[in-house]
Amino acid sequence: MPEENIVYIGNKPVMNYVLAVVTQMNGGLSEVVLKARGRAISRAVDVAEIVRNRFITDAQVESIDISTEEIMNNEGTNTNVSAIEIQLSRDDTSI
């Protein structure tokens, strides 16, 4: 999977990520993957829904993958963090 169709969700406002997804899809990509961890998971869901409902109405959620990632925290111990990948796609014929 090419790296350029991945949008990593962090702490920026939701509309920044919506704009990134819409720009990529209008630029010719038929598939965009949203990736988020921890507290940003709800923001990723918001981004997917806003894109689908307001901007690219023919976009669909192809798949949702959930997982747990182990990351090293400040104290040097490992912490489990939830992660999500939401794959959005649209028909190439509608472009």
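Computed from the coordinates by the stated procedures, all read-outs in this text should not be read as laboratory data. Everything numeric in this text was worked out from a predicted model, so none of it was measured. Quick reminder, even Gly has a Cβ in these numbers, built from the backbone with ideal geometry, and neighbours come from all protein chains shown.
In this label model, VAL14 and GLN60 are separated by 2.4 nm, measuring between points 7 Å along each Cα→Cβ vector. Between the residues ALA48, SER30, THR68, the greatest Cα displacement towards the positive end of the dipole of the stretch 22-72, with unit charges on the Cβ of Lys, Arg, Asp and Glu, is found for ALA48.
For the chain, the longest principal axis of the alpha carbon atoms and the long axis of helix 41-50 meet at an angle near 10°.
Taking other residues whose beta carbon is less than 12 angstrom from the beta carbon of GLU62, and scoring Lys, Arg as +1 and Asp, Glu as -1, yields -2. Counting only DSSP H runs of at least 4 residues, each contributing -39500 (n - 2.57), and dividing by the residue count of the chain, the helix-based mean residue ellipticity at 222 nm comes to -7500 deg cm²/dmol. Taking the Cα centre of the chain as origin and assigning +1 to Lys and Arg Cβ atoms and -1 to Asp and Glu Cβ atoms, the resulting dipole is close to 440 debye.
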